[in-house]
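Peer 1: Please read through the structure below; I'll follow up with questions.
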């Protein structure tokens, strides 16, 4: 855990302005419905559409170039997206409306998440598939 403690030693909540890149170059639209947990890490060039709610709990890591949608203009789906405590999402992953990713779960890079992912699993693919439990 020392690496994690060192990495977040000087962590502070970022300033988030609707539709504007943060100093870390990720963007949130719909900031009134966006909740960001403590000591989170969101990679550069990620996009978060929070119009219908996005909740990112404590210690979540999101890779660069990810897209999180609480609304889809293609099929009209909408709903809150929740990333539970200590979830990790690989770069270039897309998460669709109404999805929950469980605590301690890991989503592999370039995945398309169109179903809920339970706690403590590794999942990846297009569409996402649960592969195995997280080893403690």
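The values are calculated or read from the model by the stated rules, or taken from the named source; none is laboratory data. Values in this document were obtained by computation on a predicted structure and should not be read as measured data. We place every Cβ from the backbone using ideal geometry, glycine too, and count neighbours over all the protein chains shown.
Peer 1: Can you find even one residue in segment 52-65 that is more than 23 Å from residue 20 (Cβ to Cβ) and assigned to a strand (DSSP E or B)?
Peer 2: no
Peer 1: Something else about it: Being closer than 17 Å to residue 65 by Cα and in a loop (DSSP other than H, G, I, E, B) is the filter here, so list the residues in segment 115-127 that pass it.
Peer 2: Hits for segment 115-127 are 125, 126.
Peer 1: When you check residue 53 against the structure, is it farther than 19 Å from residue 25 by Cβ, buried (at least 17 other Cβ atoms within 10 Å of the Cβ) and in contact with a helix residue (DSSP H, G or I) (Cβ under 6 Å, 6 or more places away or on another chain), yes or no?
Peer 2: So residue 53 fits the description; yes.
Peer 1: Would segment 70-77 turn up any residue that is under 16 Å from the mean Cα position of the chain (by Cα), closer than 19 Å to residue 115 by Cα and modelled with pLDDT of 95 or more?
Peer 2: yes
Peer 1: Could you tell me which of the residues 123, 109 is over 15 Å from residue 26 (Cα atoms), touching a residue at least 24 places away in the same chain (Cβ under 8 Å) and more than 11 Å from the chain's Cα centre (by Cα)?
Peer 2: 109
Peer 1: Give me a count of the residues in segment 78-93 that are outside any loop (DSSP other than H, G, I, E, B) and under 9 Å from the mean Cα position of the chain (by Cα).
Peer 2: Qualifying residue count, segment 78-93: 5.
To keep it simple, each residue is scored yes or no on (1) under 27 Å from residue 136 (Cα atoms); (2) surrounded by fewer than 16 Cβ atoms within 10 Å (Cβ to Cβ).
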{"site": "13", "(1), (2)": "no, yes"}
{"site": "79", "(1), (2)": "no, no"}
{"site": "98", "(1), (2)": "no, no"}
{"site": "108", "(1), (2)": "yes, no"}
{"site": "117", "(1), (2)": "yes, no"}
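Peer 1: Please count how many residues of segment 94-114 are in a loop (DSSP other than H, G, I, E, B), over 13 Å from residue 67 (Cα atoms) and touching a strand residue (DSSP E or B) at 6+ places or on another chain (Cβ under 9 Å).
Peer 2: Residues that pass the stated criteria total 5.
Peer 1: Does residue 22 meet the test of being surrounded by fewer than 17 Cβ atoms within 10 Å (Cβ to Cβ), assigned to a loop (DSSP other than H, G, I, E, B), modelled with pLDDT of 95 or more and out of contact with any strand residue (DSSP E or B) (no Cβ under 7 Å at 6 or more places or on another chain)?
Peer 2: yes
Yes or no, residue by residue, for (1) at pLDDT 95 or above; (2) out of contact with any strand residue (DSSP E or B) (no Cβ under 7 Å at 6 or more places or on another chain); (3) over 22 Å from residue 103 (Cβ atoms):
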{"residue": "11", "(1), (2), (3)": "no, yes, no"}
{"residue": "14", "(1), (2), (3)": "no, yes, yes"}
{"residue": "30", "(1), (2), (3)": "yes, no, yes"}
{"residue": "35", "(1), (2), (3)": "yes, no, no"}
{"residue": "39", "(1), (2), (3)": "yes, yes, no"}
{"residue": "45", "(1), (2), (3)": "yes, yes, yes"}
{"residue": "56", "(1), (2), (3)": "yes, no, no"}
